[in-house]
Amino acid sequence: MVNMKLNTFPLSKLPFDLLVNILSFSIKHENSKVINSQLIYVCRFFAKAAIPLVWKHLYLQEPTQRKIFKVLQTCLTSPSSKLLFNYKFMVKRITISPLSISNINGLLQTLELVKNNLPNLSSLNIEDKLSLCHSCHFSKEATTDQLADLLLYFSKNLNELCLDSDHSTFNDELLEIICPKFSNLRKLSINGSNFTDEGILEYVIPNLKDNLIEFSASRDGISPNCLTGNTVLALLENCYQLKSLSLDGINLSDKDFIGEDLPLSNLEYLWLGKTCEPENFTAQGLFSLLITCNESLTTLVLDLDHLSSFVFHNIIIPLFQNQKLQELHLVSDSWAGWTANYPRPRSEQEFRAKEAMCIWRLKVYLGITNEMINLIGEKLSTLKVFSILGENYLKSTI
């Protein structure tokens, strides 16, 4: 559309609904930024279609980006202003990435602003991934009760909640306070070293089991309080609507899944990243885990740590041959060193060269042949081999 000659096809003649649909594929919210947001500057017609897509998800890296609330306040205090939209009603999702999450004037103040300015909020993400020294702050630290009081304000409207922090405020006690009020929550992400099996088993599952469709848990590094296979089995057994499960840095073990009457689930998406003690979770444990969802699974994301020729021959291929599995994504941080010497593709030719090299490496290390690939070729719609900075580069069908 950018290459269209305006004198032969005026953009104003394009059906508005069609333009919105096209832009919805172009404008994406990824990695704390909005991709292709510059489309709002093409013309007023584009702005009218694109701005609601851009404002649908706001990222706040407080305190510098709190200036965005000046726009929201303008909407509130000047309803007759000439702004094209009433922006505060467009925001459905917000991600807060605070620079001082332990500072009571930081996270709590931002949440207060969110509470007072965003009436249609349905998804709230709190992400603290900077690992700053919390003792460096001079203000009084926020407590779990203070954080819980603000979160409870959103309990009626939220259907997605992400709590991602290693700060002591984010713990099982927080789950105990908020979960009974979030019974309508559909998607929950719990990432942090102070969440334990007890918090999930005692507070999350009993209160959210009837509506939960997505659950994510992760750890950065090894933690003594790491979630275990007990939590995974309890989720699969009790959350009958659960469709998506993401596990990364969890303490899984073969003994969690072998020799038990494993529950059958309706999982369609499973992300299985690195485990705390890889030697304790082998192909046998992986096979037993996949049995719980082998009749419904359509997308499987595996860290390369879990993949071997045995796994590919005896687990992956049978899944593709006999069940609904359509997508296999193989990801690993270990590819970062190699890809650092091969920059992001600048052209279609470089993209294909990189793609071919990845396939070659996969074949070399795992002994995967063309004949093996052909065994699943008819049912394999997508094979993504690895990720770089959150982006999957191998996207074409093999």
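The values are calculated or read from the model by the stated rules, or taken from the named source; none is laboratory data. Since this is a predicted model, take the numbers as computed values, not measurements. Cβ: placed from backbone, ideal geometry, glycine included. Neighbour counts: every protein chain shown. Quick note on the areas: whole protein, heavy atoms, side chains included, nothing else; ligands and nucleic acids left out. Shrake-Rupley method; radii C 1.70, N 1.55, O 1.52, S 1.80 Å.
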I'm trying to understand the selection: among the residues of the range 43-83, which are modelled with pLDDT of 70 or more and not in a helix (DSSP H, G or I)? Cys43, Lys56, His57, Leu58, Tyr59, Leu60, Gln61
Could you identify the single residue in Thr299, Thr292 that is within 20 Å of the chain's Cα centre (by Cα) and closer than 16 Å to Pro318 by Cα? Thr299
Qualifying residues in the range 322-336 (those that are at pLDDT 65 or above and of a type in the set (D, E, K, R)) - the one farthest from Leu267 (Cα to Cα): Glu327
Scanning the range 198-212 for residues that are out of contact with any Leu (no Cβ under 8 Å at 6 or more places or on another chain) and under 11 Å from Leu242 (Cα atoms), which turns out surrounded by the fewest Cβ atoms within 10 Å (Cβ to Cβ)? Asp210
Among residues of the range 1-17 being open to solvent by 80 Å² or more (accessible area, probe 1.4 Å) and assigned to a helix (DSSP H, G or I), the residue modelled with the lowest pLDDT is Ser12
Selected residue (only one of Phe170, Phe215, Phe195 is over 21 Å from Asp256 (Cα atoms), buried (at least 18 other Cβ atoms within 10 Å of the Cβ) and of a type in the set (Phe, Trp, Tyr)): Phe170
Any idea which residue in the range 252-295 is least open to solvent (accessible area, probe 1.4 Å), counting only those that are touching a Ser or Thr at 6+ places or on another chain (Cβ under 7 Å) and of a type in the set (S, T, N, Q)? Thr292
